Every structure is written in C-alpha cells, then in structure tokens.
Amino acid sequence: MSTNHNGETNNISTNEATTSPHDGILGRRNEFSEQQPTYRRAMFRQHAGSLRQSVPNLNVDVQSFMTAPPKPAMIKRNLNFRRSVPNLKLNIDESYTDWDVISGRSLPAYPLGRTELIDLPPSQVAKNIAEALRLKSVYAIYDSLDAEATCTTACDCKFKITLFEAEDSSHTILEVLKSRGCSLTFSRLRRAISKAANGDFSADEKPLCLSIPDCVAALYTPPNADDIKKILDKSSKELQTTRRDGQLTALRLLAAMTDADKSHKSTCINVATMILEGEAGVRETCINLLTSGTSDKYSERVNKVVLDIFSNSLSLLYKSGDIRKVTESEDPWFAQSLYPSLLESMKQCSCPHGCTLISKCLSVLLQNSSDMRHEAVKEGSLETVLEHALARGKKSHVKLHDNAQSAINALHCQ
C-alpha cells in the first residue's frame, strides 16, 4: 500500500512495485547459471617423476625435454689482421703491407655511391693503388679477401677503398668513401688514387695557396711572452682534467701553435721554446700522456697529437738554430725523460704516422746532442728499432723510411 499527495491510498502489491522490464531476462540468466556444473582446478605437475607416472604406457625421455640442446659453434673468419696491427718489433712481412687481390667483390644489391670504371683487372689495380698509398705515406690495412683497404692519413683523414667486379673480368669498379677527416685532403687523395689505379703515378699539380699580402701581414701584432704564458697555463690546466675531449682540444691548439704552416713564425718559435723549457709543466704532462700505457683509439689520437707537438717544436728550433741552447743545457729532461719515452713509444707503436714523428724527433736530438748520441750507441737497442722502421717504411710508408734513415745517419754521425 502507498499514499499519494492527496492522502488517498493505493493498493499495489510488493511484487508489482519491484518488477521491471529486465527482471524476466535476469531471472532466466540466474536460473541458467544455477544449472551450470562446477569445475575443479587441475594442479600442474612440475616434477619429471610425476610426469612419468601419468603416462606409464609411453616410453618418453622426460629429461630430454628438461634440458636445452647445446648451441652449435659459430664459424668465424680470421680477421685479426684487420682489427689489430702487429707492433713495429715484429716481422714486417705481414698481410697488412700487401694487397694481393685475386678478384673483386661482387656488386651489392643496393646502388653504390661515386664509382669509377678502371680498364685493368682487380689484381693490377690493387698493386697500383698500394704503390700510390706508399708514395703518399698513407697508412693502409689491406683485406685481400674482401678486396678493400682501410686508409688513414697523417692528419687523421680516414677512408676506405673497395674494388668490385665488373661485367668484363679485365675491368674493375673502384669506390673510395670517406669516413672522417678533412674533405680537401680526401679530395686530393681520391684524385691521386684514381690516377694511380690507371697506372699514372705522376705528381699532382701544386694546390693553389693564397698568400697574405704584405700590407695586411704588417698590421698583425703577434702575442707577447705574457700572452703565450697565459695560453700555456690554461692549456696545462685543461690537460690535467679528466675530460678527454678537453685534453684533445688543448693538445690540438698547442700543435697548431707550433706549426709554422698554421701560425705566425715568431709565435711558433716562442711557443716551442717555452714548451721545451718546461713552461707551465706542459712537456711533463705530454710525456705522462704518451707513456700512459692505454691502447684505445682515443689514446692513439692523443699520442699522435703529443708527438706532433714535440716534432714541430724540435724542428722549428733546429731550423732557427736555437736547438743547441735547449738540448745542451743543464736540464736533464731531454736525456732522462724525453729520449727514453720516445724510444719506448717507438717499440710499441703500430701506426707508421706515429713512428715517423718519433723518428723525426730522434733525428733532431741525435744530431744536436753528443751525450745523447753516445748513450744511444752504448745502449744499442735504438739502432735495431730504427732498422725495423726503415724496412717497414721502405715497404709501405715513404716518410717513415726517410726519417728513419735520417735518424740512423745521425746516430753514426753521417
């Protein structure tokens, strides 16, 4: 029963008040759900013994399913001559000095970049290019199987040479791709390699060099001694930090300031003199970096720039006639620190560019220091190392050959 707002009583049953249009459907669902059978959860048997008992009629080796089969051994090619290069003290007749290509690489499915068709077979093209790289003093690691050569210049320009098969077996498709470094250097080398591949080893035309007019050069005021000392102090502080990129930047700045082709000549001589005299501890820090013993790619680049600094500094003072004032002074750093570090680096160096710079430094030191020359002859190991460098340079690097020969002549006072 219910009462409306007028006070009248309405006779409505409870069932009628609570029913809705959906009650019939829900009721049928509840009735259907009550008729569903109940299920039990089956426990998974993890043990092998229980699994055997559940299938007694089958002859199954359950243990074979529990253990995975061993992985097949991978077959790898021997690519050690591409990844690591023997030290200078080892035999020079290694695969990285010869490029004996039998056939070119097959053309890939993707289109190549800039290529050139050479009217010679791959074997002859490889020999011509190897000779051109030797004359250009380019460090190259050869892979005769893949018909490719990975090359690095003295200014750290890296590129790869690849020989592909042409439709005619008497022709070769040449591809030269740059990985990093100076684009101008790479452009000149690519033209020289293209000429050498066809058998033309003539010297390139002298590149156009724009000189500074005298009226403009007269307006330049080189930095004084105080300015140079401030630069060396800042560079020394940067070299003593743990930031490797900052160290490399500071070293490259000092290498450029001691290079007469990149900086003012008087500035180069002043910077070289201050470095070799021990200003701001730059020379000691450079020796520590050179003899750190690390052998990663970054350390190799750091060692190369350190050798550039020493080579530029010694050569500048030798040409200016001031080298004896430094080497014949009472400073024992040259005989006790610089010379042993250069000799040890020469023994362990695998890059001919680094060996070339070390030979150049040793040549200047031996020519201008009689005490150091007598000590080197008495010790005896320097001549053996220089002979190995001479043989390696004759085979693959002209500048290494010339500087090693100059150091040998200085050792024997020739």
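Please report, in cubic angstrom per residue, the volume enclosed by the convex hull of the alpha-carbon atoms of segment 360-410.
Taking the convex hull of the Cα positions in segment 360-410, it is 52 Å³ per residue.
Treat every Asp and Glu Cβ in segment 346-407 as -1 and every Lys and Arg Cβ as +1, leave all other atoms uncharged, and give the resulting dipole magnitude about the Cα centre to the nearest 20 debye.
Dipole of segment 346-407, to the nearest 20 debye: 280 debye.
For segment 255-379, what does the accessible surface come to per residue with a 1.4 Å probe? Please give it in Å².
Details: 5480 Å² over 125 residues.
Dividing the accessible area of segment 255-379 by its residue count gives 44 Å².
Which entries in the list Lys160/Lys262; Lys297/Lys347; Lys160/Lys304 go over 26 Å, if you measure between the two C-alpha atoms of each?
Lys160/Lys262
Using only the alpha carbons of segment 184-326, what is the convex hull's orientation-averaged projected area in square nanometres?
Details: hull surface 47.1 nm².
If you wrap the Cα atoms of segment 184-326 in a convex hull and average its projections, you get 11.8 nm².
Determine the equivalent ellipsoid of segment 176-221 by diagonalising the alpha-carbon gyration tensor, then write out the semi-axes as square roots of 5 times the eigenvalues, largest first, rounded to whole Å. Working shown, then result.
Working: eigenvalues 221, 48, 5 Å².
Semi-axes, largest first: 33, 15, 5 Å.
Could you give each residue of segment 322-337 its phi-based ³J(HN,Hα) in whole Hz, using Karplus coefficients 6.51, -1.76, 1.60 with θ = phi - 60°, and x for Gly or Pro?
Karplus values, whole Hz, x for Gly and Pro: 9, 6, 5, 5, 8, 6, 9, 6, 7, 6, x, 5, 5, 7, 9, 10.
Within the accessible area of segment 178-305, what % is carbon and sulfur when the probe is 1.4 Å and the other protein chains stay in place?
That fraction is 54 percent.
Just want the answer: with Cβ charges of +1 for Lys and Arg and -1 for Asp and Glu, which residue in Ala255, Tyr220, Ser292 is farthest toward the dipole's positive end in segment 203-293?
Of the options given, the answer is Ser292.
What does the convex hull of the Cα atoms of segment 301-348 come to per residue, in Å³, rounded to a whole number?
Cα-based convex hull of segment 301-348, divided per residue, equals 69 Å³.
Quick one: grab Rg to one decimal and Dmax as a whole number for segment 254-293, Cα atoms only, in Å.
Cα radius of gyration and Dmax of segment 254-293 are 11.2, 35 Å respectively.
Could you state the orientation-averaged shadow area of the convex hull built on the Cα atoms of segment 323-363, in nm² to one decimal?
Mean projected area for segment 323-363: 2.9 nm², to one decimal.
Taking the Cα centre of segment 291-336 as origin, work out the dipole magnitude from +1 charges on Lys and Arg Cβ and -1 charges on Asp and Glu Cβ, in debye rounded to 20.
For this selection, approximately 200 debye.
What would the Debye formula give as log10 I(q)/I(0) at q = 0.23, 0.27, 0.33 Å⁻¹ for the alpha-carbon point model of segment 284-325, no solvent?
Calculated log10 I(q)/I(0) at the listed q: -0.74, -0.86, -1.05.
The values are calculated or read from the model by the stated rules, or taken from the named source; none is laboratory data. What you are looking at is a predicted structure, and each value in this text was computed from that prediction instead of being measured. Positions of Cβ are generated from backbone atoms using ideal geometry, with glycine treated the same way; all protein chains shown enter the neighbour counts. These area figures cover heavy atoms from the full protein model, side chains too; ligands, DNA and RNA do not enter into them. Shrake-Rupley method; radii C 1.70, N 1.55, O 1.52, S 1.80 Å.
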